[in-house]
Protein chains: 2
Amino acid sequence: MAIQFADRMDGVEDSFIREILKVTENPEIISFAGGLPNPALFPVEQVAVAAEKVIREQGSCVLQYATTEGYLPLREYIANRYQEKSGLEIDPSEILIVNGSQQGIDLVSKILLNKGDKVLIEEPGYLGAIQAISLYQPQFLSASLLNDGIDLQQVERILKNHSIKLMYSVPNFQNPAGITYSREKRTGLANLLKVYGVHLLEDNPYGDLRFSGENLPPIKSTLKELGILLGSFSKVTVPGIRLGWVCADSEIMRKIKVVKQAADLHSNYMAQRILYQYLVDNDLDEHVSKINQAYKKQKECMVACMEQSFPESVTFTRPEGGMFLWGELPERFSTFELFEKAIKKNVAFVPGRAFHLDGKGDNTFRLNFSNSNEELIKKGIACLADVIKEYLAEK
Amino acid sequence: MAIQFADRMDGVEDSFIREILKVTENPEIISFAGGLPNPALFPVEQVAVAAEKVIREQGSCVLQYATTEGYLPLREYIANRYQEKSGLEIDPSEILIVNGSQQGIDLVSKILLNKGDKVLIEEPGYLGAIQAISLYQPQFLSASLLNDGIDLQQVERILKNHSIKLMYSVPNFQNPAGITYSREKRTGLANLLKVYGVHLLEDNPYGDLRFSGENLPPIKSTLKELGILLGSFSKVTVPGIRLGWVCADSEIMRKIKVVKQAADLHSNYMAQRILYQYLVDNDLDEHVSKINQAYKKQKECMVACMEQSFPESVTFTRPEGGMFLWGELPERFSTFELFEKAIKKNVAFVPGRAFHLDGKGDNTFRLNFSNSNEELIKKGIACLADVIKEYLAEK
């Protein structure tokens with residue numbers, strides 16, 4: 001007898017990117033496909049020391065059930081960092097610890113979205129968000145990302161013509177496009193959303209990974225209570241501990257607490273305590289600046305290699321931070337076809353169509369530069385350049 | 001402007017038990033209200049050793065992103081334990097690691113339940129499950145727990161008259177009632193569910209905590225592919241690491257993997273590796289038997305005190321394991337009223353109405369014996385006995 005799954009599961013399948021990542025697990029392949037931070041930069045010894053210290057010194061209390069909101073000193077640390085880095089005044093009670101910002105996307109969707117509600121996203125957009133939000137059966141609308149952030153004219157047209165319930169955005173070094181919203185775009189978007197009373201889920205996993213240019217304030221600074229911020233320790237400390245946070249005003253936070261409790265009672269408390277100990281005993285800014293120096297070199301190396309060896313008809317972004325850059329072949333070419341050829345030459349990337357809702361973006365691609373090194377980048381990009389030239393010539 | 005939350009949030013509020021637990025945080029109160037394992041029995045030193053070892057020896061790989069399914073050797077350990085303890089043949093691919101079995105309840109509800117689908121639960125029932133399942137807007141039906149498990153006549157009547165989508169049960173040392181299904185009840189229930197093709201979500205957080213009597217097989221042994229098992233390390237190792245699992249046949253598991261990935265990518269990988277190291281370096285059975293010796297003493301002490309000092313009109317269960325026992329005052333009395341009086345005398349329990357769907361069970365109550373010791377039990381039960389006697393006399 002066929003199992004009757006819930007309607008929300010219709011058409012939901014294994015992530016396409018997951019399938020691609022499986023292909024690229026072959027160690028002979030130079031992969032720019034994944035989205036992993038560079039494990040060579042993980043503060044392994046410091047985490048080991050923090051783990052020992054917390055478990056030995058604090059004993060059973062760090063191993064017991066804990067509150068749904070998360071460890072208060074950790075939430076205070078996050079609130080202080082908002083104040084320090086962007087002047088945002090957040091009360092620790094407006095912060096709840098989740099299992100990576102991915103869980104924040106799920107919980108916020110859960111409290112806000114009815115079936116058929118309209119959600120505005122960026123195009124290209126973060127696939128993990130599309131997957132999480134999809135399970136609440138919304139109708140997606142999208143506005144294009146330009147070089148300085150989302151196309152505000154498109155956003156305005158959409159807000160005018162549709163009752164949008166929620167917008168999702170990654171304003172810093174977006175995944176997949178590597179694009180960062182300019183100051184003007186931030187203010188402009190906030191003002192538009194205010195007019196229409198639309199909540200913004202502002203996901204910021206990469207904001208600290210800035211190699212150059214000026215740090216820009218969260219859109220929530222202008223948007224105030226309509227802004228829901230997501231943050232993550234995955235890219236600045238280690239991702240395997242699955243710790244991030246949601247930051248929202250009290251009315252929303254009260255509901256998030258209810259669904260978080262129903263979802264898994266609370267996030268891993270031992271990990272929260274270990275992470276907090278690490279943050280107390282170490283200088284996070286110093287560590288982040290080490291990551292940024294390394295990623296900057298890797299990005300510059302990748303950009304230089306691409307400028308040198310890619311055909312001029314292939315364009316790409318020069319991100320000021322983050323982990324990804326985004327390229328485009330001339331319109332009539334397909335990066336799916338390119339992927340098939342590249343994988344045979346042992347180099348991989350993600351075809352950009354995966355980040356579009358409607359089969360668009362077939363000529364685009366995403367490259368990850370964080371989980372690599374200069375040697376592999378030189379070799380991989382040279383190889384990819386050959387494959388691209390051959391493909392453009394033969395088609 | 002009022003925020004338009006999703007319909008699923010209607011009437012969902014902070015857990016009543018949470019409110020009660022807040023009252024009982026006062027250190028002067030002897031609380032039998034909570035549901036915590038006894039932290040004095042946590043293997044703190046062993047967890048510290050495992051943490052050090054895994055992080056130092058395995059380094060960055062235990063701190064990186066990992067697969068959605070969970071650490072394979074941990075899933076193999078769980079599969080072997082099913083085989084060893086109950087002869088159940090489970091392939092590790094049928095196991096997925098989640099953030100405590102609570103997350104399993106959420107994910108299984110997510111893949112199966114449409115709004116209005118009918119879910120059969122036990123009465124009294126586990127509140128955390130009712131809360132998690134409620135968010136998928138089902139219609140609940142319930143069948144009473146008798147001393148040897150659920151009332152099969154009620155179950156049969158319900159299955160005959162309603163199209164039940166899912167049943168949820170805690171067949172071992174149930175929370176709140178402490179009741180365990182007999183072998184006959186297990187087979188009987190499995191056969192009924194088979195006839196009607198109904199999936200059973202079989203939650204088993206307390207199964208290993210058996211102090212006396214014979215170990216009984218999971219209902220899934222008879223129910224086969226209609227059975228979805230939940231398991232947890234919270235009660236046999238430590239709860240703060242939030243690790244449990246879902247065990248289901250491949251068709252269901254494929255969908256669970258999709259929603260788990262959307263929910264939080266994967267469970268804390270560092271914690272999975274630490275837990276596995278702990279399990280390899282230590283004898284879990286030996287540790288569980290230490291817990292059981294302690295809980296058995298605590299339960300026997302509580303039962304003896306209650307037999308000695310409670311009025312005969314107050315009845316209660318004598319569980320063979322787990323963490324709770326369940327009592328009843330004569331019908332016209334209210335344990336809410338009793339709670340108000342008890343808290344003034346610095347002793348606490350949970351009024352049983354919280355575990356019923358429809359305001360029934362007003363004369364029932366739950367006592368936790370795990371997170372206590374004999375001295376506190378003697379003192380607390382003596383005090384509660386006085387409050388009960390006074391209350392029964394005056395009403």
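Tabulated results
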{"read-out": "Paramagnetic reach from B:Tyr196 (point 7 Å along Cα→Cβ, amide N under 13 Å) across the stretch B:131-170", "value": "B:140-144, B:151-168"}
{"read-out": "Three semi-axes of the equivalent ellipsoid, the stretch A:213-309, Cα gyration tensor, whole Å, largest first", "value": "32, 20, 14"}
{"read-out": "Simple Cβ-charge dipole of the stretch B:279-347, Lys/Arg +1 and Asp/Glu -1, about Cα centre, in debye nearest 20", "value": "380 debye"}
{"read-out": "Sites A:Glu375 and A:Asp91, calculated FRET efficiency, Cβ-Cβ separation with R0 41 Å, nearest 0.05", "value": "0.30"}
{"read-out": "Shape of the stretch B:317-388, Cα gyration tensor, a/c cut at 1.5", "value": "oblate"}
{"read-out": "Whole-Å distance, taken between Cα centres, linking the stretch A:15-47 and the stretch A:296-362", "value": "17 Å"}
{"read-out": "Binned Cα-Cα distance frequencies in the stretch B:75-119 - 10 Å width, integer %", "value": "24, 37, 29, 9"}
{"read-out": "24 Å Cα-Cα threshold exceeded, pairs from A:Lys85/B:Lys260; A:Lys260/B:Lys290; A:Lys22/A:Lys235; B:Lys220/B:Lys257; A:Lys345/A:Lys389", "value": "A:Lys85/B:Lys260; A:Lys260/B:Lys290"}
{"read-out": "Per-residue average of Cβ from other chains inside 10 Å of A:129-139", "value": "2"}
{"read-out": "For the stretch A:147-155, 3J(HN,Hα) per residue [Karplus equation, 6.51 cos²θ - 1.76 cosθ + 1.60, θ = phi - 60°, Hz, x = Gly/Pro]", "value": "5, 10, x, 5, 6, 5, 5, 4, 4"}
{"read-out": "Note, ³J(HN,Hα) from phi for the stretch B:35-41, Karplus 6.51, -1.76, 1.60, rounded to Hz, x at Gly and Pro", "value": "x, 8, x, 7, x, 5, 9"}
{"read-out": "The stretch B:28-58: GluC sites (Glu not before Pro) in DSSP loop, at most 12 other beta carbons within 10 Å", "value": "B:Glu28"}
{"read-out": "Scattering curve values for the stretch B:44-281, log₁₀ I(q)/I(0), Debye with Cα scatterers, q = 0.14 Å⁻¹", "value": "-0.88"}
{"read-out": "25 °C / 0.890 mPa s Stokes-Einstein diffusion coefficient of the stretch B:9-67, Kirkwood radius on C-alpha pairs, µm²/s", "value": "156 µm²/s"}
{"read-out": "Computed [θ] at 222 nm, deg cm²/dmol, chain B (DSSP H ≥ 4; -39,500 (n - 2.57); rounded to nearest 500)", "value": "-14000 deg cm²/dmol"}
{"read-out": "Computed E for B:Glu214/B:Ala304 - FRET, C-beta separation, R0 30 angstrom, nearest 0.05", "value": "0.80"}
{"read-out": "Distance between the stretch B:231-254 and the stretch A:75-99 - C-alpha centres, whole angstrom", "value": "32 Å"}
{"read-out": "Gain upon complete extension [B:Glu251, B:Asp7; 0.36 nm per residue less C-alpha separation]", "value": "84.9 nm"}
{"read-out": "Amide hydrogen neighbours beyond the local backbone of A:Thr315, cut-off 5 Å, H modeled", "value": "A:Glu328"}
{"read-out": "Distance histogram in 10 Å bins (all Cα pairs of the stretch B:253-372, percent per bin)", "value": "11, 27, 23, 22, 16, 1"}
{"read-out": "Fluctuation leader among B:Ala143, B:Ala248, B:Ala177 - chain B, Gaussian network, Cα springs under 10 angstrom", "value": "B:Ala143"}
{"read-out": "Rounded to 5, the percent of DSSP beta bridges in the protein assembly as shown classed as antiparallel", "value": "50 percent"}
{"read-out": "For the protein assembly as shown, alpha-carbon Rg relative to the globular expectation (2.2 N^0.38 Å, N residues)", "value": "0.99"}
{"read-out": "Inter-copy separations for B:Asp148, label at 7 Å along Cα-Cβ, nm, ascending", "value": "7.8"}
{"read-out": "Peptide-level mean, for A:93-100, of C-beta atoms on other protein chains within 10 Å", "value": "2"}
{"read-out": "Sequence-distant residues sharing a close amide H with B:Arg242 (under 5 Å, placed H)", "value": "A:Tyr269"}
{"read-out": "HN-Hα J in Hz across the stretch A:274-287 - Karplus 6.51, -1.76, 1.60, θ = phi - 60°, x for Gly and Pro", "value": "5, 4, 4, 4, 4, 5, 6, 7, 10, 9, 4, 4, 5, 5"}
{"read-out": "Point-charge dipole on Cβ atoms (K/R +1, D/E -1) for the stretch B:44-281, about Cα centre, debye to 20", "value": "460 debye"}
{"read-out": "Shape category assigned to the stretch B:113-194 from the gyration tensor of Cα positions, a/c cut at 1.5", "value": "oblate"}
{"read-out": "Chain B: antiparallel DSSP beta bridges as a percent of all, rounded to 5", "value": "50 percent"}
{"read-out": "Inter-chain shielding of A:62-73 (mean C-beta neighbours from other protein chains, 10 Å cut-off)", "value": "4"}
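Each value in this text was obtained by applying a stated rule to the coordinates, not by laboratory testing. Everything numeric here is computed off the predicted structure, so don't read it as measured data. As a convention, Cβ positions derive from the backbone with ideal geometry for all residues, glycine included, and neighbour counts pool all protein chains shown.
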